[in-house]
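See structure below.
Just so it is clear, none of the values below were taken in a lab; they were calculated from the coordinates. Owing to the predicted nature of the structure, the values given are computational and were not obtained by experimental measurement. In this analysis, Cβ positions are derived from the backbone assuming ideal geometry, glycine residues included, and neighbour counts consider all displayed protein chains.
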Amino acid sequence: ATHKLLLLPGDGIGPEVAAEVEKLVAWFTRSGIAAFETERDLVGGAAYDAHGVAISEDAMKNAKAADAVLFGAVGGPKWADVPYEHRPEAGLLRLRKDLGLFANLRPAICYGALADASSLKRELVEDLDILIVRELTGGVYFGEPKEIVTLEDGQKRAVDTQLYTTGEIERIARVAFDLARKRSNKVSSAEKHNVMKSGVLWKQVVTAVHGAEFSDVALEHVLADNCAMQLVRNPRQYDVIVCDNLFGDILSDVAAMLTGSLGMLPSASLGAEDPATGKRKALYEPVHGSAPDIAGQSRANPLAMIGSFAMSLRYSFGLIEAADMLEGAITDALANGARTGDIAPAGTNSLSTTEMGDAILRE
Ligand code: NAI
Ligand code: MG
């Protein structure tokens, strides 16, 4: 089967790191491991310059037709003054909304060779491999009412509303359990049922989905604040952590700092499974932005983007061995000393973006 990949490199270092993925796509195709049909399109400032919008209708159509979208990064000082609705980020928000990407996957992997770059001691993080599954389209960031009102006594009152339905919790729970089966078979569900009704329902629904469909997976419930503490005390106790939008935002940033550089962090956002094909809409992107300070100098670390491509092999294309091979190449290249500037010790020589891509290809 031919796998349909849409590449949206975007702005700044986006095209530089995307070019390294294109080399890998070509290699996988040449070596007969997998055949990709790759489309390219514009997003963010690049799309605004060409079409006057942050993503064109044509690119949206391509995104909906693709098996996976690989997104670089958008934004930069050049577009600071474009109209709000056309700002570069609007392209990413439109993709998330129109593709219904409700499950955000943020792996936190600490490569042994980089363990000293972690915020924690090496012995706590060496070979750490956890996956945070964050609900991305519901909860307090979207719930209505959402407002600031003026009271009779002149004070103001701010309101945000945490809302979750059974269906929203069920579908994110299923994603987490399903992923756990492909990993170490353990899910930790983080909420605050002790003080929040949404936490009570979250815990009930996760427990019910587990009992009905995933009783082979180990499940534990953890209070979200305790989870934050445990992440910096003993992170390797976790495999998959599932949580709502707000707690996931915070816990994934905590986990990110366990691993070292922003240039190393991949992510995936998944939509609902199509019952006819079993496929999900999916977008893969590095966590970092367009890094205007180093753009155009071949200094960007392409590993977050390459790791995002590896996630697409695993989760969208079902190419598990290819994903293992690519992730193994990252581990081996790092173990053999390959370093871009962001992860090289001060005063040592480092590789350019293209040299790092070549190092991965060699492995
Ligand atoms: P940033 O992630 O672009 O950069 C933060 C710092 O990390 C910079 O010093 C940068 O050089 C460094 N860095 C980031 N990625 C790197 C990589 N792969 N290799 C080496 N060093 C790397 O965040 P910042 O500076 O806050 O935002 C810059 C622009 O990116 C803004 O326009 C912002 O809106 C946009 N942005 C876009 C995102 C996206 O497309 N998803 C996410 C975050 C920011
Ligand atoms: Mg955040």
### Task
Find how much the distance from ASN194 to ASP116 grows on full extension, using 0.36 nm per residue of separation minus their present alpha carbon separation; answer in nm with one decimal.
24.4 nm
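Residue separation times 0.36 nm, minus the C-alpha to C-alpha distance between LYS78 and ASP293: what's the value?
Difference between extended and current length: 76.2 nm.
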### Summary
Exposure proxy check on LYS182, LYS156: fewest-to-most Cβ neighbours within 10 Å is LYS156, LYS182
### Query
Can you tell which of VAL149, GLY139, CYS243 lies farthest toward the positive end of the dipole of segment 129-257, using +1 and -1 charges on the Cβ of basic and acidic side chains (Lys, Arg; Asp, Glu)?
CYS243
### Query
If you take the charge dipole of segment 1-152 about its Cα centre, with +1 on Lys and Arg Cβ and -1 on Asp and Glu Cβ, which of LEU101, ASN62, PHE28 is farthest toward its positive end?
PHE28
### Task
Would you mind calculating the relative contact order of the chain from Cα pairs under 8 angstrom and at least 6 residues apart, reporting the percent as a whole number?
21 percent
### Summary
Sorted by chain and number, the residues with a modelled amide H under 5 Å from that of ARG40, at a separation of 5 or more or across chains, are LEU7
### Query
For the chain, with only Lys/Arg (+1) and Asp/Glu (-1) charged at the beta-carbon, what is the dipole magnitude about the Cα centre, in debye rounded to 20?
400 debye
### Query
How much FRET efficiency would the formula 1/(1 + (r/R0)^6) give for ILE250 and LEU361, where r is the Cβ-Cβ distance and R0 is 35 Å, rounded to 0.05?
0.45
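Using a 10 Å cut-off around each Cβ, can you sort VAL200, VAL209, VAL74 from fewest to most neighbouring Cβ atoms? Spell out each step's value before the answer.
Details: VAL200 14, VAL209 21, VAL74 29.
Ranking VAL200, VAL209, VAL74 by Cβ neighbours within 10 Å, fewest first, gives VAL200, VAL209, VAL74.
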### Message
Under a crude label model (7 Å from the Cα following the beta-carbon direction), how far is SER350 from GLU220 in nanometres?
### Response
3.7 nm
### Query
Measuring from centroid to centroid over Cα atoms, what is the spacing of segment 206-260 and segment 63-89 in Å?
30 Å
### Task
Quote the convex hull volume per residue of the chain, based on C-alpha atoms, as a whole number of Å³.
164 Å³
### Query
Based on Cβ point charges of +1 for Lys and Arg and -1 for Asp and Glu, what charge dipole magnitude is obtained for segment 134-244 about its Cα centre, in debye rounded to the nearest 20?
460 debye
### Message
What does the extension gain come out to for ILE33 and LYS279, with contour length at 0.36 nm per residue minus their alpha carbon separation?
### Response
86.5 nm
#### Entry: Neighbour-count order for GLU144, GLU22, GLU152, fewest beta carbons within 10 angstrom listed first
GLU152, GLU144, GLU22
### Message
Distance cut-off 26 Å, Cα to Cα: go down the list LYS121/LYS197; LYS4/LYS182; LYS23/LYS121 and report the pairs above it.
### Response
LYS121/LYS197; LYS23/LYS121
## Note on the structure
In order over segment 259-271: 3J(HN,Hα) from phi, Karplus 6.51/-1.76/1.60, θ = phi - 60°, whole Hz, x for each Gly or Pro, gives 9, x, 7, 4, x, 10, 9, x, 7, 9, 10, 10, x
### Query
Which one of PHE177, SER189, VAL159 is farthest out on the positive end of the charge dipole of segment 139-191, using unit charges on Cβ (Lys, Arg +1; Asp, Glu -1) and the Cα centre as origin?
PHE177
